[in-house]
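Inspection log for the structure reproduced underneath, given as structure tokens.
The values are calculated or read from the model by the stated rules, or taken from the named source; none is laboratory data. Computed from a predicted model, the values in this text were never measured in an experiment. Cβ placement follows ideal geometry from the backbone for every residue including glycine, while neighbour counts extend to all protein chains displayed. Surface accessibility is based on the protein's heavy atoms, side chains included, excluding ligands, DNA and RNA. Shrake-Rupley method; radii C 1.70, N 1.55, O 1.52, S 1.80 Å.
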Amino acid sequence: MATPYPGNVPGNVTPLAAQDAAAAPVIRTIGLSDLHRALRLGWEDFKAVPSHAIILCVIYPILGLVLARTVLGYSVLPLLFPLAAGFALLGPFAALGLYELSRRRERGEQASAWDAIDVLRSPSFGAMLGLGTLLLALFVVWVATAQAIYVAAFGYEAAAGIPDFARRVLTTPQGWWLIVAGCSVGFLFAWVALCVSVVSFPLMLDRHAGAGDAMVTSLRAVARNPVPMAAWGLIVALLLVLGSLPFFLGLAIVIPLLGHATWHLYRKVIEAELNPQPLPPRATRERRSAVDFPANLFPWRRKSGG
């Protein structure tokens, strides 16, 4: 049974800036071995709470829409790689439920795949949604930029099919320019997303921080550990590419693995709170009878006795 969050009131999030300086997140210096440990613990979480079926239910309807557009004559081949790479931009938000599952297992609580939706009860879910919207906007800009790069290389003429598209990209100077320019610009987008979100969502889930404070903490974590964070970004990119190769089937394993591992990376980077700040309790609402429904619409008349 899902355990509700205390103080589940919209906006009931205490900004980290308003707390004592001693309660602000303490950032540790980590090494490459910590990345390996995070991945190992993430794999253990995935084996304990397999969620690949849910991931498949999300991935394959999207792929079906892409294939349908292809059958109808609109070529989406130039956007397949940018869309696959876009998982790296949206992944931190898409993995919210996986963070919740890892958090439960860390506390020794029972966890099932369906307990992931309990993250919706978090007092900081509004802040998570705000940062997720920012990542979505970054994803849209990336796809539009990738399309513009392809048009600059080959114009608006669509490829006749996959063999023709592969020949254009791999055997022509325009295709080589497309690969270099696309990968370079994509790296910049991915680095921005990594910097603002590598520990942001786990921090909001764990400490109910605001979106601004979480992004600042994430930037500080990257600045404190530039080499391990760059290595983590490379690991994420490589795993997403490998997961995308066999018709995106591998993403059903890669996405949960990275989601769980990100939670454990957060635990390595951010020192645990010594004295967690409890949230204020939820205000108790007065229960009224259903027969008083019309009067309930005009509370001022009840106070005046009218």
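Okay, here's what the table says:
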item	result
Flag if A160 is at pLDDT 90 or above and either out of contact with any Phe, Trp or Tyr (no Cβ under 9 Å at 6 or more places or on another chain) or on the phi > 0 side of the Ramachandran plot (or both)	no
Counted residues, segment 85-139 - those being of a type in the set (G, A, S), open to solvent by 20 Å² or more (accessible area, probe 1.4 Å) and closer than 26 Å to V192 by Cβ	8
